[in-house]
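Written below as structure tokens is the structure these notes are about.
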Amino acid sequence: MSSIQPCELPDRALLARYAHGGAYADCYTTDMAGIVSHAAYVEAFYSGAVFKLERFLLARLASRPSTDAQVRQLAAGERDTFSAWKVEARTDDQLLMCDLAGRTRSWLMVAQAPGGSGPSSTRLYFGSAVVPVVDKVSGEARMGFLFKALLGFHKLYSRVLLHAARSRLARAARAA
């Protein structure tokens, strides 16, 4: 997974609004040869084997089932909810999802890779944000123990998800 690197959020990233004010935001990127559409990236990300495990858990533990058909609709811009998320913002090259509790965000973006591995290469971005909870007694925004305890796992899982989506896209390109 050395091809997956942490990076700063691009200035125009829809997730950038969460990079300040006490929220946690991260961004990972990888480049791949060829032109990858945003819809293909979204579909590869949410319908890959790794993410399907998360979908399975959400269906069983949170009663939020989802299907590959719903993923295709989300990727095509025909759906604004998916499993435990809703679309918060969308552009031609970005998708920002918010969990139904309003605490986390998931963001996907494609862009032409600068100085990529050929005349047409794509940079895939994946980022997350976690919004702090305001303590009712003190009024302070806090991330909480669970966030701190799971942050290392989250960083590894983010890299695994992006790697899985990239691999899925690469296999599809070779098969075409």
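The values are calculated or read from the model by the stated rules, or taken from the named source; none is laboratory data. For clarity, every value in this text was computed on a predicted model and none was experimentally measured. Cβ atoms come from the backbone with ideal geometry, glycine included; neighbour counts cover every protein chain shown.
Would you confirm whether or not the stretch 83-93 contains a residue that is of a type in the set (V, I, T) and over 15 Å from the mean Cα position of the chain (by Cα)? Looking through the stretch 83-93, none of the residues is of a type in the set (V, I, T) and over 15 Å from the mean Cα position of the chain (by Cα). For the stretch 36-80, taking the residues that are basic (K, R) and not in a helix (DSSP H, G or I), the one that is nearest to R166 (Cα to Cα) is identified as R79.
Looking only at the stretch 121-137, decide whether some residue is among the hydroxyl-bearing types (S, T, Y) and loosely packed, with under 12 Cβ neighbours inside 10 Å. There is no residue in the stretch 121-137 that is among the hydroxyl-bearing types (S, T, Y) and loosely packed, with under 12 Cβ neighbours inside 10 Å. Within the stretch 18-51, the residues that satisfy the criterion of being within 14 Å of the chain's Cα centre (by Cα) and of a type in the set (D, E, K, R) are D26, E43.
On inspection, D68 does not qualify as over 13 Å from the mean Cα position of the chain (by Cα) and touching a residue at least 24 places away in the same chain (Cβ under 8 Å).
Name the residue that is surrounded by the fewest Cβ atoms within 10 Å (Cβ to Cβ), counting only residues in the stretch 4-60 that are among the small types (G, A, S) and closer than 19 Å to A89 by Cα. By that ranking, first place goes to S37. If you go through the stretch 1-31 and keep only what is of a type in the set (D, E, K, R) and more than 14 Å from K155 (Cα to Cα), you end up with E8, D11, R12, R17, D31. The combined condition, being modelled with pLDDT under 90 and among the small types (G, A, S), is not fulfilled by G48. Residue count for the stretch 121-142 satisfying the condition of being within 16 Å of G22 (Cβ to Cβ) and of a type in the set (S, T, N, Q): 2.
Scan the stretch 102-111 and give yes if some residue there is at pLDDT below 95 and loosely packed, with under 15 Cβ neighbours inside 10 Å, otherwise no. Scanning the stretch 102-111, I find at least one residue that is at pLDDT below 95 and loosely packed, with under 15 Cβ neighbours inside 10 Å, so the answer is yes. For the stretch 16-46, how many residues meet the condition of being in contact (Cβ under 8 Å) with a residue 60 or more places away in the chain, touching a helix residue (DSSP H, G or I) at 6+ places or on another chain (Cβ under 6 Å) and among the aromatic types (F, W, Y)? The total comes to 2.
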